[in-house]
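Data block below; observations after.
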Amino acid sequence: MTLKTLANGLVVPYEEPQAAPDWQVCAASFLASYRNANTRNNYAIALRAWFAWCRQKGLDPLLSVKRTHIELWMRQMEEQEGKSVHTVVHRLNALSGYYRTAVLDGYIEGSPCAYVRRPRIERVSKTAYLTRVELGQIIELAEKRSSRDCAIVCLLGLNGLRVSEVVGIDIEDISRERGYKTIFIRRKGDKTQTIPLSHRTAWAIEQIVKDETAGPLFQSLRTPGKRLSRGDVQRLVKRYAEWVGVRGKSISPHSFRHSFVTLSLDAGVSARDVQNSAGHADARMTAYYDRNRESLARNATHQLTAFVEGAI
């Protein structure tokens with residue numbers, strides 16, 4: 001992938017790198033530092049919004065920008081455009097990386113993002129999750145309807161995989177290690193991990209693979225041979241949630257990941273093992289995914305009272 005390909009569309013397309021303005025070449029350099037295509041695309045969207053604002057104000061994104069300009073843009077997004085806190089923080093993160101690259105590449109001496117006060121994100125997840133009964137009902141129904149569907153909901157709910165990890169599985173990734181049926185997963189941030197499968201998940205996958213030796217594990221029913229898309233999985237889990245009677249909650253593939261963390265902790269799995277199983281780099285993210293951490297029934301006062309009363 002070339003700098004031209006990455007920079008094309010960031011407001012001013014160009015034919016040769018030397019013919020491009022410095023701010024655009026710097027943007028291409030910044031985006032090229034990320035291997036993950038989704039990360040590049042998301043940061044490119046943030047930069048396009050910033051460059052459009054700079055063009056509107058008559059600013060050179062590299063040479064004219066001061067900390068004040070970034071804070072004014074931040075206030076505009078919050079108060080005039082109604083952007084969410086997450087969107088604002090995401091765009092500021094993109095800018096911070098962009099100007100850090102500009103400093104490293106020698107375009108500017110210091111980053112205008114250095115002392116910008118970013119909005120604080122409340123670390124409480126709003127994502128809907130499935131209860132133990134609801135997840136069990138979905139798995140049971142999927143098992144009756146389709147081995148493919150069963151394998152997908154099991155990988156989402158019983159292994160806590162991200163939807164991108166599920167649709168990215170190839171048949172060649174399936175193996176056996178130390179008595180466990182396993183799958184080699186490409187995690188977020190270019191990390192990899194070999195995960196074990198429960199007997200239910202392994203059985204469903206065996207029904208799909210049969211005698212096949214290569215290719216995508218999950219293929220589109222509309223276009224055989226084509227890999228299942230994230231949108232296909234999104235629609236699939238919504239249908240199953242409706243069929244089992246889940247009401248008042250917007251269920252997505254990510255809901256299954258929240259359910260995996262929450263129910264695993266409820267089942268007594270240690271936080272360390274849940275963190276490793278979910279592929280979280282930070283234990284705080286595991287706590288963020290735990291939807292029952294504020295449960296009244298799980299408050300420490302109950303066990304502590306019983307413990308103290310035992311000494312009375």
Extension length gain for VAL133 and ARG145 (0.36 nm per residue less Cα distance), in nm, is 2.5 nm
If R0 is 45 Å, what FRET efficiency do you get for TYR180 and GLN80 from their C-beta distance, rounded to 0.05? 0.25
One-quarter of the Cα convex hull surface for the stretch 13-158, in nm²? 12.9
Can you order the peptides 41-51, 205-215 by their average number of other Cβ atoms within 10 Å per residue, highest first? 41-51, 205-215
A correct fewest-to-most ranking of LEU155, LEU104 by other Cβ atoms within 10 Å would be LEU104, LEU155
In the stretch 124-206, what is the volume of the convex hull around the alpha carbon atoms, normalised per residue and reported in Å³? 117
In the stretch 157-193, whose amide N lies under 12 Å from the spot 7 Å out along Cα-to-Cβ of ALA267? List them in ranges. 157-160
With T = 10 °C, eta = 1.306 mPa s and Kirkwood Rh from C-alpha pairs, the Stokes-Einstein D of the stretch 49-93 in µm²/s is about 147
With x for Gly and Pro, the residue-by-residue ³J(HN,Hα) of the stretch 93-105, computed from phi through the Karplus equation 6.51 cos²θ - 1.76 cosθ + 1.60 at θ = phi - 60° and given in whole Hz, is 4, 4, 5, 4, x, 4, 6, 5, 5, 4, 5, 4, 7
Over the Cα atoms of the stretch 132-298, what Rg and Dmax result, in angstrom? 15.6, 50
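Throughout, read-outs are computed from the coordinates displayed, never taken from laboratory work. Everything numeric here is computed off the predicted structure, so don't read it as measured data. Every residue, glycine among them, receives a Cβ derived from its backbone with ideal geometry; neighbour counts consider all protein chains shown.
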